[in-house]
1. With the requirement that a residue be small (Gly, Ala, Ser) and under 18 Å from Lys52 (Cβ atoms), what does the range 82-109 give you?
2. Ala42: buried (at least 20 other Cβ atoms within 10 Å of the Cβ), farther than 15 Å from Val119 by Cα and small (Gly, Ala, Ser), yes or no?
3. Given the options Ala69, Ala136, name the one that is buried (at least 24 other Cβ atoms within 10 Å of the Cβ), assigned to a loop (DSSP other than H, G, I, E, B) and not acidic (Asp, Glu).
4. Can you tell me which residue within the range 111-128, out of those that are in contact with a strand residue (DSSP E or B) (Cβ under 8 Å, 6 or more places away or on another chain) and outside any strand (DSSP E or B), is surrounded by the fewest Cβ atoms within 10 Å (Cβ to Cβ)?
5. Do we have any residue at all in the range 139-158 that's farther than 17 Å from Pro43 by Cβ, more than 11 Å from the chain's Cα centre (by Cα), part of a strand (DSSP E or B) and not polar (S, T, N, Q)?
6. Restricted to the range 72-102, and to residues that are in a strand (DSSP E or B) and in contact with a Gly (Cβ under 6 Å, 6 or more places away or on another chain), which residue is surrounded by the most Cβ atoms within 10 Å (Cβ to Cβ)?
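Throughout, read-outs are computed from the coordinates displayed, never taken from laboratory work. All values derive from a computational prediction rather than experimental measurement. Heads up, the Cβs are rebuilt from the backbone with ideal geometry, glycines too, and the neighbour counts pull from every protein chain shown.
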Amino acid sequence: MASDAAFQEAAECIPRKTYRSIISQVKVVVCFSMASKNQGSAPRALVVEDIKVDCVILLRMLHKLNCEATVANNGKEAVDLFLQGKTFDIVFSDKDMPLMTGPEAVAKIRAMGAKVKIVGVSADFGGMEAFMQAGADVFLPKPMKLETLESMLQEVTSKKNMSA
């Protein structure tokens, strides 16, 4: 589990003006659109995270990997996006959030029949069992590594390009 000091250190790596801008945007749905290094369109990710610093860190990593990212601040917001017909190639969901937990959201998204790779993410060691029972494809402990994200996005992108 990462300490508050580690999050503070990560936040200090981001220029203050940029950090403030990102934090204020996290309250609404945020999209980063970048041209993909890969053939076809950039992968579309949904980041379901209520802790702003964790969200900023994951968004920066996805941005670096040329991935479009949309933010939901809790599981209910994530489910609502799917109900609105939004589609994603991959979902990264935290476990413990207000209104609706990650595993609850995963179960509802699966019940809708959404064909999307869902990654449960938590610093809680009990998170793996909860996510896998809910229908997640993969569980990753926090903090995530850039290399792990990159390989997941490459897998999703190659499947997306083969089906196109």
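1. Passing the criteria: Ser93, Gly102.
2. Yes: the conditions hold for Ala42.
3. On the way: Ala69 fails: assigned to a loop (DSSP other than H, G, I, E, B).
Going through Ala69, Ala136 in turn, the sole match is Ala136.
4. Only one residue fits best here, namely Phe125.
5. For the range 139-158, residues farther than 17 Å from Pro43 by Cβ, more than 11 Å from the chain's Cα centre (by Cα), part of a strand (DSSP E or B) and not polar (S, T, N, Q): present.
6. So, considering only residues that are in a strand (DSSP E or B) and in contact with a Gly (Cβ under 6 Å, 6 or more places away or on another chain), the one surrounded by the most Cβ atoms within 10 Å (Cβ to Cβ) is Ser93.
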